[in-house]
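Here the structure comes first, spelled out in structure tokens, and everything after it is commentary.
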Amino acid sequence: MMIIATALACALLCGAASAAEPFDDKFRQLDELLPTPTAVRTASGAPGHAYWQQRADYRVRVRLDEAKRAIAGSETITYTNNSPDTLDYLWIQLDQNMFAKDSDNRRVQTAPSREAWARARGADDGVHFEGLRFMLESRAFDGGIDVGSVTAEDGTPLRHTINKTMMRVDLAQPLKPGARISLRMSWSFNVPEMNVLGRRSGYERFDDADKNDIFEIAQFYPRVAAYYDSKGWQNKQYLGDGEFTLEFGDYDVEVTVPADHIVAATGELQNAGEVLSAAQRARLDQARSSDRPVFVVTQKEAEAAEKAHSGATKTWHFKAKNVRDFAFASSRKFIWDAQATRSGANQVLAMSFYPKEGNPLWERYSTQAIVHTIDSYSKFSFDYPYPVAISVNGPVGGMEYPMISFNGPRPIKDKKTGDITYSKRTKYGLIGVIIHEVGHNYFPMIVNSDERQWTWMDEGINTFLQSQAERAWEKDFPLGRGDARYITTYMASRNQVPIMTNAESTIQRGNNAYAKPAAALDILRETILGRELFDFAFRQYAQRWKFKRPTPADFFRTMEDASGTDLDWFWRGWFYTTDAVDIGIDGITEYSVSSKDPEQEKAWQKARKDAEPVSITNQRDAGVKHRLDLHPELKDFYNEHDDYTVTNKDRNKYNETVAGLEDWEEDLLKQGKHLYLVDFSNLGGLVMPLILEIELKSGKKYIERVPAEVWRYTPKKITKLIVTDEPMVGLVQDPYWETADIDQSNNAWPRRATPSRLELFKTERGQDDLMKDIKVPLKKNEDKK
């Protein structure tokens, strides 16, 4: 009997599944999608007792030819095989080959639609000067890496085969588990102009009187590709979007540049006495204990260096421990400031390098943003483990490497007046991009996810943390991403792929790999789990996988394991589909519990009858004299009483009924609760919790939160019971816009009008008047400046 009652209650309150269409179980487990747990990667999401990863140590010597804008270098790679597999060859990344004329990156480019190309209505759907220049210059640029030699440590040449952006090096002897091998290589390439050819690395030319460049150099040396348990060799070609998946190791790098250049790089400077003046060394030492930025190289010194180009060279020596990559920046234009900060027990030197064109923004905000990022990210994950953190202003808009990042925003100098100004968007854009790129030190430079495969694991997670840091910077910081309300337009669009799409196949990369996963994690923290559970679970993920290589399954499983919550429905909907959140209120029926007291019930019935509208006929008959009015003697009992008159029979029946009730049953009749059956439709397909703002007749409002599991039996339509102490006069689903619902127009009862504005335009006359246009005075060249 209890089973029957439960089934009936479910049918009433949850809605019954239709037998006419197949049941879509939004809460089925992800077992068929996630890889089987192993001793390397456990079902809890943690590294197993058999976890392993490879190691690659580098000794690099590189020279920058400023006049030719070219790089030449040599390196020794010491590779340790920690896997249980015997390796016959190594795969090496040659990412500079994406700039080769015959690269896949060039060949797979497609044009916009024919309509956008030929019938552009504006800048948004037309071809820009920069776009056409890129198309033409990329065909003319002599790009790509020239590998001079590949040898064993003793100088014996090793057979190698270049396959576009990858190179296979065949080993003379198989590399057994636990063994180590050293390779030597020499190479060179022409540095691309970043603002013309783009992509994460290059030089910026300044066409002023002094003709100086800023070089931001990355992907400049052959790097061993990742080899790991669930993938094997990660040797996907580099097409430009899928970033870099590498092994940890120690780096010893010497960078030879013009003697008047300042170099910023991954790692710690080993020879300050050889490359810095005594005054600069003293300022650098001062910065190591300062809680405010100290200028190591002043703007005055940088401006003096710009005017005198040295013909000599200096070699800057850096060392970095336990990093997965190395990058550097070099220019005589650099101003350099530095400040000390702490992360747990670790002392960190935050440093910024920028030209005078970056001021006054950079001297005020860059190093402060670095310090803030370390403070904020460490709270969510782990203490920053490296000795330095660097932000460089140059041609790259935003790109990260261990301990160093390249960031682009600058003020604008008016060509006529010389005034230097910056917009609100530029200011907060600078702070935001520095937070984002410095934050990448945590994800993926330390939590070493496979960027070539899963962009969202570094970009999406990092964008989520960026939004947390931005909120901590300033109240009402103008967030660009990370809040649920900012992703609704994208989720309502048609041109989508699931988040769990390979990096090179992702459509709308910014929305898909950055904004949507960031919004999903924000919803998971604020709406699904709550901050306490989410923060604990996320910290567990970061701690478990720092200096290791997690996969999506490791993240999903850890978040469930550490929060104690089954989230398969959430991962499935947000990460494996393109469903949207669109939950609408269809209808509401109000019920009140009958007291069975005829005095109350017949009064309620009469009030309902009296509330009905008066018919149009009776309205027009108002004032008409009826026979009964003229002959009152015709009135009898029924003219004095109506259907709502309480009789003694009614009273006796009520007394008999009450006498047969137990005390709790009688109390239930007296409570006077108001019951509402509310019908909800899941129009978008993505199941989510119901967040209901209930407004009562007295004006009181409160929130009732219903878990997403309310949709487990019927994912398309449900009926939910709401019980109130007084009449409900308003109901809003998702009142704080916290679930990314794409259509707010169906979220309120009663329905609300959508506010908008009508813009009126004056009719323009006299267009295309050739007779008038020919009389317009011709402007002189100086008028155009």
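Distance between the C-alpha centres of segment 308-322 and segment 717-756: 63 Å, rounded to the whole angstrom.
The solvent-accessible area of residue 196, taken with every protein chain present and a 1.4 Å probe, is close to 20 Å². Residues 525, 281, sorted by accessible area with the largest first, give 281, 525 [1.4 Å probe; ligands and nucleic acids excluded]. FRET efficiency for the residue 412 to residue 677 pair, using the beta carbon distance and R₀ = 56 Å, is estimated at 0.40. Accessible area per residue was computed with a 1.4 Å probe on protein heavy atoms; residue 319 scores about 90 Å².
Leaving out ligands, DNA and RNA, and with a 1.4 Å probe, what % of the accessible surface on the chain is carbon or sulfur? Heavy-atom surface of the chain belonging to carbon and sulfur, 1.4 Å probe: 51 percent. Qualifying trypsin sites (Lys or Arg not before Pro) in segment 587-649, where qualification requires a DSSP coil assignment and no more than 11 other C-beta atoms within 10 Å, comprise 625, 635. Dividing the Cα radius of gyration of the chain by its Kirkwood radius returns 1.11 for Rg/Rh.
Per residue, the accessible area of the chain comes to 50 Å² when a 1.4 Å probe rolls over the protein heavy atoms. Given axes a ≥ b ≥ c from the Cα gyration tensor, I'd like to know whether segment 667-760 is rounded (a/c under 1.5), prolate (a/b larger than b/c) or oblate. Oblate is the answer for segment 667-760, as a/c is 1.5 or above yet b/c matches or exceeds a/b. Among the chymotrypsin sites (Phe, Trp or Tyr not before Pro) in segment 402-493, those located in a DSSP loop and surrounded by at most 16 other Cβ atoms within 10 Å of their own Cβ are 422.
Put the Cα centre of segment 633-673 next to the Cα centre of segment 379-407 and the gap is 78 Å. With both labels modelled 7 Å from their Cα along Cα-to-Cβ, the residue 346 to residue 600 distance reads 6.7 nm. The Cβ shell under 14 Å around residue 671 holds other residues with a net charge of -4, Lys and Arg each +1, Asp and Glu each -1. List, in the order given, every pair from 314/379; 26/231; 653/700 whose Cα-Cα distance in the structure shown is over 32 Å. Among 314/379; 26/231; 653/700, the Cα-Cα distance tops 32 Å for 314/379; 653/700.
Separation of segment 96-111 from segment 508-557 is 34 Å, based on Cα centroids. The Cβ shell under 14 Å around residue 34 holds other residues with a net charge of -3, Lys and Arg each +1, Asp and Glu each -1.
Any of 307/415; 415/775; 606/649 with alpha carbons more than 23 Å apart? Name them for me. 415/775, as the Cα separations exceed 23 Å there. Calculated on C-alpha atoms, the gyration radius of segment 218-295 divided by its Kirkwood radius gives an Rg/Rh of 1.12. Across segment 657-742, the mean sequence separation of Cα contacts (distance under 8 Å, 6 or more residues apart), normalised by length, yields a relative contact order of 37 percent. Note on residue 307 and residue 59: the extension gain reaches 85.9 nm, defined as 0.36 nm multiplied by sequence separation minus the Cα-Cα distance. Treating r as the C-beta distance of residue 142 and residue 170 and R0 as 35 Å, the FRET efficiency rounds to 0.80.
Annotation note: trypsin sites (Lys or Arg not before Pro) in segment 681-762 located in DSSP loop regions with a Cβ neighbour count of at most 10 within 10 Å are 751, 757, 762. The gain in end-to-end length when the residue 770 to residue 102 segment is fully stretched comes to 235.6 nm, 0.36 nm per residue minus the alpha carbon separation. Computed over neighbours whose Cβ is under 13 Å from that of residue 606, the net charge equals -3, Lys and Arg +1, Asp and Glu -1. Based on C-alpha pairs under 8 angstrom that are at least 6 apart in sequence, the chain has a relative contact order of 12 percent.
Accessible surface for residue 238 stands near 10 Å², nearest 10, in the context of the full protein assembly shown (1.4 Å probe).
The values are calculated or read from the model by the stated rules, or taken from the named source; none is laboratory data. Note that the structure is a prediction, hence the values are computed from the model and not measured. As a convention, Cβ positions derive from the backbone with ideal geometry for all residues, glycine included, and neighbour counts pool all protein chains shown. Note: areas computed on protein heavy atoms with side chains; ligands, DNA, RNA excluded. Shrake-Rupley method; radii C 1.70, N 1.55, O 1.52, S 1.80 Å.
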